[in-house]
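The values are calculated or read from the model by the stated rules, or taken from the named source; none is laboratory data. Worth saying up front: this structure is predicted, and the values here are computed from it rather than measured. FYI the Cβ positions are ideal-geometry reconstructions off the backbone, even for glycines, and counts take in every protein chain you see. Surface areas here come from the heavy atoms of the whole protein model, side chains and all, with no ligands, DNA or RNA. Shrake-Rupley method; radii C 1.70, N 1.55, O 1.52, S 1.80 Å.
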Amino acid sequence: MDVKFYGVQFISDNATIFISMKSAELPKNYNPSDYESAIFDLWQKNSAFEPNSGVKNKNKKPFSIIMPPPNANGSLHAGHLMYVVEDIATRFARMQGRPTLWLPGTDHAGIETQFVYEQLLAKKNLTRHDLGQDKFYKEVDAFVRGQQHNIVSSFQSMGFSADWDKLKFTLDDDITETVFDTFKRLHDDGLIYRGNRIVNWDPVTQSAYADIEVTHIEREDELYYLDYGTLVIATTRPETIFADVAIAVNPADDRYKDLVGGLATIPLVDRGIPVIADDHVEFDFGTGALKVTPGHDRNDYEIGLRHDLPQITVIDFAGNMINVPEDYAGLSVEEARKKVVTALEAAGKLIKREPIVHSVAIQDRSKAVIEPLITEQWFMRVTELNKPVIEAIERDEVKFYPKRFKKIALEWLKNEHDWCISRQIWWGIRIPVFYKTSTDSTKKDYIVAVDEKEAIEYYGAGNYRAETDTFDTWFSSGQWPYATLLATDDFDQFYPTSTMATARDILHKWVTRMIMFGIYKTGKVPFENVYLWGMVTDEKGQKLSKSKGNYEDPMKITAEYGTDALRLALSIGITPGNDGKISQEKIKGYRNFCNKTWNVSRYILANTSDMKTLKTPELLSSADHWMALALNEAIVSVTKDIENYRYSEAGQATYSLLWDKLADQYIEYSKQSTNPEMLAYCLDIVLRLLHPFAPFVTEAIWQQLPWKESILITEEWPNVILKPDVAASKNFELEIIEVLSARQKQQDSVQLAKLNKEIKAKKNLLLLIEAKLANQSFVENAPASLVEGERSKLKQTQNELTDLEVAVENIKVSE
RNA sequence: GGGCGAUUAGCUCAGUUGGCUAGAGCGUCUCGUUUACACCGAGGAUGUCGGGGGUUCGAGUCCCUCAUCGCCCACCA
């Protein structure tokens with residue numbers, strides 16, 4: 001570990017340069033692709049990403065970020081680009097000399113990945129059922145593990161300085177062990193139960209889902225008014241009349257007062273059902289009478305429980321009709337609806353139909369319409385568990401950036417219902433439960449057991465069956481912070497972690513649950529700060545996506561403009577919690593900035609080539625004082641801004657320091673009177689400040705410094721050292737003004753000369769045209785169009801002359 | 001129905017606890033082939049900070065209200 005080497009082999013088109021020899025001449029323009037991969041290798045070879053790399057003071061507070069695990073099977077997409085802020089935070093902390101860990105990992109992403117793989121299978125005319133659960137799982141596992149390097153190498157090419165050797169995967173044994181352990185504890189504590197409840201069922205993926213995985217979309221359907229004998233009801237789902245168990249009206253509704261307690265009749269099947277009164281029913285909707293179908297509607301299910309009504313199921317897991325008259329059995333919901341409506345119409349039971357816009361629940365990923373069904377699922381009682389979470393957030397033990405998400409998180413936590421954690425998805429962590437199949441009445445119906453051995457011990461061979469359900473992906477990823485740190489032996493040093501930075505749309509799904517699991521399992525919040533970002537969109541605010549054609553592969557962008565340019569575009573002008581717009585123009589602007597950085601360095605290096613050590617410069621001229629003041633101010637403000645998650649402002653301050661102050665003012669001045677030590681010092685500071693944002697170009701330059709043999713990534717964050725004199729600095733400002741006005745005068749005189757020359761030319765032209773028009777024979781004999789042309793030319797020239805004279809006046813006035 | 005955010009130059013956006021004579025980048029216009037950079041330099045133009053009202057010595061910033069756009073949550077027979 002003591003042996004460090006800094007020689008980087010930079011690959012250029014025609015030559016290979018060993019930078020350890022400090023190449024004498026740098027190319028005029030910075031070409032990122034010549035350096036980036038070599039720089040990343042340099043960091044890796046020097047173990048720069050390891051937590052204690054560059055740590056000068058072990059007593060400094062450790063800094064850690066757990067990377068939100070991207071889908072192992074995916075590729076870099078717009079959402080991942082914002083991970084740049086995690087890298088900025090990590091690099092900053094590392095340079096501050098804190099033990100720094102950015103722990104990377106990937107997610108098996110249950111339904112996402114299963115969906116992708118099923119589509120691959122579909123191309124071979126196969127479904128997962130052709131393979132069976134075990135074989136399917138193995139195939140997906142092999143597929144995912146084969147793909148995993150894609151995302152990792154994309155992240156690395158973004159320059160992400162995570163500790164890649166520690167990469168974790170949500171299905172790693174040491175992770176699942178922790179997940180099992182949590183499940184068992186929760187179960188023992190009575191916080192997990194198995195129940196037969198109405199859930200969001202997706203007939204396409206054939207699994208239950210939590211409420212939060214369901215989206216509501218507006219759709220136009222028809223509202224049917226049906227004759228139920230004693231009254232008329234309105235429904236959008238006539239196919240479910242076979243599962244009706246009651247008609248409900250509002251208890252205060254006078255229209256139906258006398259009917260409550262009596263019967264209504266389901267048309268087509270002529271079954272009598274009671275009329276009941278329930279507050280849930282609204283007066284104004286439809287007829288004010290509601291058919292109650294506990295088996296297939298969330299609210300009806302609740303009404304059913306309140307009134308002790310039976311539950312009838314007429315739709316199966318695939319979304320087809322069952323337990324219905326023969327005519328409809330086996331039909332899909334849509335087919336059945338049409339057929340039932342036709343039959344109702346024929347029977348004279350369809351009173352009227354009208355269009356209605358209402359919202360329909362669909363599954364986030366499959367987009368299938370959710371069919372509420374009553375099934376056996378595993379649930380977690382979150383109300384109790386959320387209480388300490390709410391307290392912790394209220395006490396700011398977890399701080400939100402931006403602040404407004406604190407309120408949003410609290411609101412959600414206070415209203416969360418029991419969480420359905422079981423999925424009938426095959427790609428995921430199997431719930432560690434075994435069921436009794438024997439009739440032995442001394443044995444429990446099921447046991448929670450991590451492996452089969454325990455089940456054999458308890459039930460005896462052949463007397464049990466394993467649970468086939470898997471965990472909701474968020475059940476395992478909710479435990480990601482401590483599960484990963486335990487697996488890498490970093491828990492003691494780095495838990496609780498410093499910052500969780502992630503997309504704002506998974507605040508509920510993920511962030512709040514990590515806090516919940518963290519507090520339950522470790523007694524501590526899993527992170528002290530939460531930083532949330534929005535979507536990355538194009539300049540019009542449209543979500544970037546391949547199908548919309550506004551998404552270019554980031555790797556193509558970085559190849560053309562450089563990774564640093566993309567990183568800067570993602571960190572400047574984008575504020576926490578809000579959508580970030582990027583465009584090619586913006587990226588190009590930062591490419592130019594990187595090149596500016598390169599050339600500033602080139603200039604300074606050319607003026608300091610004989611410098612072997614970097615000394616604290618003496619401030620000689622007023623310009624030195626002015627520049628020192630600018631440096632000091634930048635150090636203070638950039639540090640403060642990064643500490644407070646104001647990356648945009650930190651980046652902008654650095655940008656302005658380098659371009660406006662150093663390049664445009666100080667260097668321009670230094671061409672008259674040079675202070676090489678000060679120039680070298682400026683470069684040193686600027687590179688350090690810029691490094692978290694633009695790590696590649698700054699490191700590439702750092703490798704060229706004749707006075708330094710180190711890697712910038714683990715160099716120290718700058719402190720204020722210089723003591724400039726404010727009065728001297730003011731003098732320089734006055735000097736600048738003088739220089740500028742002199743320059744302006746010079747420019748004006750050039751301009752004036754030019755204008756006067758033009759005026760003279762115009763005047764001559766004018767004379768010529770006037771002479772032509774004064775010629776009687778020309779006016780009388782030439783074609784009319786030609787004469788007209790000369791006249792308009794005359795007018796135009798007169799106008800132009802006036803404009804020029806006005807311009808001259810303006811310059812004179814401004815002086 | 002409940003909540004949150006946005007509205008600032010032609011475009012994209014900053015603007016922290018009220019102190020602003022309101023900024024940046026891009027674009028635009030004028031000038032410039034100065035040996036760090038044309039992926040450049042110098043300079044200019046462009047704003048009743050969405051409308052209305054209020055608090056204050058002072059409001060882009062705080063309060064009320066209206067409008068438009070976007071997002072989240074709940075619900076919709």
Accessible surface of the range A:675-732, 1.4 Å probe, proportion on carbon and sulfur as whole %: 50 percent
Whether the range A:361-415 is rounded, prolate or oblate, judged on the alpha carbon gyration tensor where a/c under 1.5 counts as rounded: oblate
Accessible surface, per residue, of the range A:456-604 when the full set of protein chains is kept, probe 1.4 Å, Å²: 37 Å²
Restricted to the range A:206-278, the DSSP antiparallel beta bridge percent, nearest 5, is 75 percent
Could you work out how much longer the chain between A:Val214 and A:Asn415 gets when fully extended? Use 0.36 nm per residue separation minus the Cα distance between them, nm to one decimal. 70.7 nm
Once the piece of chain linking A:Ser332 and A:Asp270 is laid out straight, how much longer is it, given 0.36 nm per residue of separation minus the C-alpha distance between them? 20.0 nm
Sparse-neighbour loop sites [trypsin sites (Lys or Arg not before Pro); the range A:488-583; at most 16 other C-beta within 10 Å; DSSP]: A:Lys524, A:Lys540, A:Lys546, A:Lys548
Could you work out how far apart the two model spin labels at A:Lys730 and A:Asn57 are, taking each label as a point 7 Å from the Cα in the direction of the beta carbon, and quote it in nm? 3.5 nm
Please give the helix A:333-346 orientation as an angle from the longest Cα principal axis of chain A, in degrees from 0 to 90, rounded to the nearest 10. 60 degrees
Relative contact order, percent, chain A [alpha-carbon distance under 8 Å, six or more residues apart]: 14 percent
What fraction of the DSSP beta bridges in chain A is antiparallel, stated in percent and rounded to the nearest 5? 70 percent
Hey, can you rank A:90-100, A:427-437, A:638-648, A:342-352 by average C-beta count inside 10 Å, highest first? A:90-100, A:427-437, A:638-648, A:342-352
Among A:Thr473, A:Ile736, A:Leu268 - extreme Cα towards positive end, dipole of chain A, charges at beta-carbon: A:Ile736
The range A:186-219-the range A:223-259 distance, computed between alpha-carbon centres (Å): 28 Å
Using only Cα atoms, tell me the angle between helix A:784-814 and the longest principal axis of chain A; keep it within 0 to 90° and round to the nearest 10. 80 degrees
Per principal axis, descending, Cα span of the range A:285-430 in whole Å: 65, 40, 33
Could you list, bin by bin from short to long, the percent of Cα-Cα pairs of chain A in 20 Å steps? 13, 33, 27, 17, 9, 1, 0
Members of A:Lys45/A:Lys138; A:Lys166/A:Lys524; A:Lys166/A:Lys615; A:Lys61/A:Lys586 lying beyond 32 Å, as alpha-carbon distances in this model show: A:Lys45/A:Lys138; A:Lys166/A:Lys615; A:Lys61/A:Lys586
The simple spin-label model distance between A:Asp258 and A:Ile356, using points 7 Å out along Cα→Cβ, in nm, is 2.7 nm
Given the C-alpha centroids of the range A:774-790 and the range A:455-528, what is the distance between them in whole angstrom? 94 Å
About the Cα centre, charge dipole magnitude for the range A:274-418 (Lys/Arg +1, Asp/Glu -1 at Cβ), debye: 600 debye
Give me the number: length gained by fully extending A:His280 to A:Ile456, i.e. 0.36 nm times residue separation minus the C-alpha to C-alpha distance, one decimal in nm. 58.4 nm
3J(HN,Hα) from dihedral phi, the range A:645-653, Karplus parametrisation 6.51/-1.76/1.60, rounded to Hz, x for glycine, proline: 6, 9, 5, 4, 6, 4, x, 5, 4
Under 13 Å from a label point 7 Å along Cα→Cβ of A:Tyr435: give me every residue in the range A:176-212 with its amide N that close. A:194-196
Packing-based order for A:217-229, A:460-472, using average beta carbon neighbours within 10 Å, highest first: A:460-472, A:217-229
Sequence ranges A:654-667, A:173-186, ranked by mean other-Cβ count within 10 angstrom, highest first: A:654-667, A:173-186
Accessible area in the full protein assembly, largest first, 1.4 Å probe, for A:Val324, A:Val116: A:Val116, A:Val324
Can you give me the long-range amide H partners of A:Thr106? Hydrogens built in the peptide plane at 1.01 Å from N, cutoff under 5 Å, separation of 5 or more residues or another chain. A:Lys168, A:Phe169, A:Thr170
